[in-house]
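Here the structure is laid out as structure tokens; the discussion comes afterwards.
The values are calculated or read from the model by the stated rules, or taken from the named source; none is laboratory data. Just so it is clear, the structure is predicted and the values come from calculations on it, not from any experiment. With ideal geometry, Cβ positions are generated from the backbone for all residues, glycine too; neighbour counts draw on all protein chains shown. Please note that ligands, DNA and RNA were not included when accessible areas were found on the heavy atoms of the full protein model with its side chains. Shrake-Rupley method; radii C 1.70, N 1.55, O 1.52, S 1.80 Å.
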Amino acid sequence: HLFRAGKVDSLYFALPTRVSAKQVYDRVRAAIARVWPDDPPLTVRALPGYAAADGEEPKMLPEFKVQWNDDPNDDQALRRWAAEAPKRFLAAPVAVGTIDQALLGILKVKHAHMRYALLSRCLLVVDEVHASDVYMTVLLEKLLKAHLGNGGHALLLSATLGSSARSRYQGLESGKVDTLSFENAAIAPYPALTERRGLWPMAATGREKAVRWSLHDCMDDPARIAQLAIEAARAGAKVLIVRNTVPAATELFSIIESHPEAGKWLFQVNGVSALHHSRFSRQDRPLLDAAIESELGKERPPGSRIIIGTQTLEQSLDIDADLLITDICPMDVLLQRIGRLHRHKRDTNERPADYSSARALVLTPANGDFSPMLSRPKNGLGRFSEGGGVYPDLRIIEATHRLIQSHPEIEIPADNRMLVEAATHPDRLEEIERSMGSEWTLHGQKLAGDVGANRTVAHLHVLETDRAFASDPNMAFPADHKVASRLGVEDRLVEFEPPQSGPFGVPVRQLPIRAYMLPNGLDVDAQPEGATAHDGVIEFMLGGRHYRYSRLGLEQIKDG
């Protein structure tokens, strides 16, 4: 409707991760084909190293040339110009990618002005907006304010956004932020459409479901977790296990695989048992996603199955489990995980009798005590000594724990608003600090310091779009450090030349390595050395460190 009215020229659909962008790209292409059955606009998959346009994938040639296919009569090739380089992605009529491509238009980086200008006539859709950290949130707020000031349009989507964040976004144009008390925030309509004039109730489009959840203090006992999964699989259930960290998932996988009965139930890719997490190659991740949607999708086959993974299982994948076993995590994240439980309506005989209703087993440390993690993070819970962490705010974890205790059964989506506010609203977090003592108050103060520091860094990195670039020498882009769309992101994408034989029968060419797994001072041009492949296992050296890549993902080997 905006396009028809001449108010926008394009659409950019921004997702939090590459995996979710890949999933939504396929859905958007199908939707565009329905809206424009004749001569639809170009739809680009805006993922660096994994770009595509209308289903075609480019082949990069020397001298910055690009070949789309071998058909000399392909008269559509020229219109795919926008997909040939990341800096051009936002020039596409319709593009789907990560939030990073949009945020690079508001940062002091090369081609920022080009991205910013291309975005100005765009409908910017940001999905899973709750997934942004403090640094990214500041960048997004700056971008949205500038974008709206240019006459652009934006749509933010979230199933679990708290009222504090919603109020900040709502007040971007006016500069006025109305903070709701917990009592008022908890009774706000859900689902709802929020715009500058207020909050408007909407009818729910999905089906309602009742979920029974229970606490199990065996988070540090993988053998006990394995037994819970095996008991359910023995009854014919499809079991989804989401752990907060890769090491925890890997340890649990090894225990279940060694079980004489349960090994056959593990999730498989091309006949090979595997985990599902972020440490897989760019060639293998699509295989993992396709396999898991085949195993747990809408048309899932009958029979028992155990799927073990991490946060990559939380969103975008259309999967439907009979039982969810999950580490405790912030309530908004937990609700995302519960979204994979009893996702589709099925006939009575399609689920085991004991799992005909939705159940979630939430794993906690012994006695449900999170206090030891105030000083030493564990299982993804707690703040690192210098800030950050998987889930650093233990106040939210404690609030989530209390909600599960006091509400043994919940209704989705009717209870979503109350649950999110009760676990994330500032009033409730202050209450947690008061009830738990001085150590927790200090924890809250450290978290507040982290927020302030990350906001400051974001403001230093952002482009001042309301000032003339050439008139102020302080507007020059910094040359002494790297500015990124995600704070602290120094991940490395290494390439194998020639490609190595991977664990699932596909040659591995590109392997992302997370920053914390890289050696300090690694040369910017460093590539794998001494790579060998045998029986689906690739070993290589990088910067003096020894790595192994297999069906378990990427691991660092401690030699000696």
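If you go through the stretch 13-21 one residue at a time, do you hit one that is among the charged types (D, E, K, R), closer than 20 Å to Asp318 by Cβ and at pLDDT below 90?
In the first step, residues of the stretch 13-21 are kept if they are among the charged types (D, E, K, R); the result is 18.
Retained after the next criterion (residues that are closer than 20 Å to Asp318 by Cβ): 18.
Narrowing the set further to residues that are at pLDDT below 90 leaves 18.
For the stretch 13-21, residues among the charged types (D, E, K, R), closer than 20 Å to Asp318 by Cβ and at pLDDT below 90: present.
Among the residues of the stretch 24-40, which ones are open to solvent by less than 90 Å² (accessible area, probe 1.4 Å) and assigned to a loop (DSSP other than H, G, I, E, B)?
In the first step, residues of the stretch 24-40 are kept if they are open to solvent by less than 90 Å² (accessible area, probe 1.4 Å); the result is 24-26, 28, 30-33, 36, 40.
Correct list: Trp36, Pro40.
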For the stretch 24-50, how many residues meet the condition of being at pLDDT 85 or above, touching a helix residue (DSSP H, G or I) at 6+ places or on another chain (Cβ under 9 Å) and closer than 23 Å to Pro512 by Cα?
5
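Residues that are in contact with a His (Cβ under 7 Å, 6 or more places away or on another chain), of a type in the set (D, E, K, R) and in contact (Cβ under 8 Å) with a residue 24 or more places away in the chain: does the stretch 101-109 have at least one? So that I can check it myself, show each step before the final result.
Of all residues in the stretch 101-109, those in contact with a His (Cβ under 7 Å, 6 or more places away or on another chain) come to 107-108.
Now drop any that are not of a type in the set (D, E, K, R), which leaves 108.
Those still in the list that are in contact (Cβ under 8 Å) with a residue 24 or more places away in the chain too: 108.
Yes: one or more hits.
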Name the strands (runs of 3 or more DSSP E) wholly inside the stretch 159-236 in which the number of residues that are modelled with pLDDT under 90 and more than 30 Å from Ala248 (Cβ to Cβ) is 2 or more.
198-201
Is it true that some residue in the stretch 284-301 is touching a Leu at 6+ places or on another chain (Cβ under 6 Å), closer than 22 Å to Phe504 by Cβ, in contact (Cβ under 8 Å) with a residue 40 or more places away in the chain and outside any helix (DSSP H, G or I)?
no
Cβ-Cβ distance below 9 Å, separation of 6 or more or different chains: which pairs start in the stretch 140-156 with a residue that is closer than 15 Å to Gly171 by Cβ and end on one that is basic (Lys, Arg) and open to solvent by less than 50 Å² (accessible area, probe 1.4 Å)?
Leu156/Arg166
Within the stretch 429-472, residues being surrounded by fewer than 18 Cβ atoms within 10 Å (Cβ to Cβ), under 29 Å from the mean Cα position of the chain (by Cα) and not in a helix (DSSP H, G or I) number 1
Do the conditions hold for Ser132, that is, is it among the small types (Gly, Ala, Ser), surrounded by fewer than 23 Cβ atoms within 10 Å (Cβ to Cβ) and closer than 30 Å to Asp332 by Cα?
yes
Every residue in the stretch 196-218 that is surrounded by 10 or more Cβ atoms within 10 Å (Cβ to Cβ), free of Cβ contacts under 8 Å to residues at least 60 places away in the same chain and among the hydrophobic types (A, V, I, L, M, F, W, C), please.
Leu199, Trp200, Met202
